[in-house]
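> Once you've had a glance at the structure underneath, I'll fire off some questions.
The values are calculated or read from the model by the stated rules, or taken from the named source; none is laboratory data. From a predicted model like this one, the values you see are computed outputs, not experimental measurements. No Cβ is skipped: glycine too gets one built from the backbone with ideal geometry, and neighbour counts run over all protein chains shown.
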Amino acid sequence: MPADVSLASGGSDGIAFLVSAGIVYEIIAAACSSPQTTEINASMRADTLMKWVHIGLVQAAAFVAIAAYFDAPHRRAILGGGAMAGALMYGQYTHAKKAGLANGGTPTER
């Protein structure tokens, strides 16, 4: 009896959700520093860091949209994972910028 390839490659909404969320985190991490670095160095380069967060979000949205287009059965999970990860990461960077500008401290970069 031949193997059912559809079972092996069919995936699941859970996997699609995690992959979509993971790609958003990976793309933003590749485009900029961590929220911790943003907070520590906010006085020196908050605007530049946030510019790269925005660029990363646009890139991530493109990848998530393309994945959702190609994988219609898992479209909702892909879009949900991408949207959730994007919102969480944006919230972390926004908080880091605000906290860093409010609390000052000694930046690690000059």
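> Scan GLY22, GLY105 and give me the residue that is modelled with pLDDT under 90 and out of contact with any helix residue (DSSP H, G or I) (no Cβ under 6 Å at 6 or more places or on another chain).
GLY105
> Sort out which residues of region 51-98 are under 16 Å from ASP13 (Cα atoms), of a type in the set (D, E, K, R) and free of Cβ contacts under 8 Å to residues at least 24 places away in the same chain, and write them in order of number.
ARG75
> Could you list, in sequence order, the residues of region 19-31 that are more than 15 Å from ILE78 (Cα to Cα) and in contact (Cβ under 8 Å) with a residue 40 or more places away in the chain?
Listed by number, the list holds a single entry, ILE28.
> While we're here: Checking LEU101 against (1) exposed (fewer than 15 other Cβ atoms within 10 Å of the Cβ); (2) within 19 Å of the chain's Cα centre (by Cα); (3) touching a residue at least 12 places away in the same chain (Cβ under 8 Å), which test does it fail?
(2)
> Select from region 54-94 the residues that are crowded, with 21+ Cβ neighbours inside 10 Å and either at pLDDT below 90 or among the small types (Gly, Ala, Ser) (or both) and list them in ascending order.
Scanning region 54-94 gives GLY56, ALA60, ALA77, GLY81, GLY82, ALA85, GLY86.
> OK, next. Could you check region 33-50 and list, in sequence order, the residues that are out of contact with any Ser or Thr (no Cβ under 6 Å at 6 or more places or on another chain), closer than 10 Å to TYR93 by Cα and free of Cβ contacts under 8 Å to residues at least 60 places away in the same chain?
Across region 33-50, the qualifying residues are SER33, SER34, ALA46, MET50.
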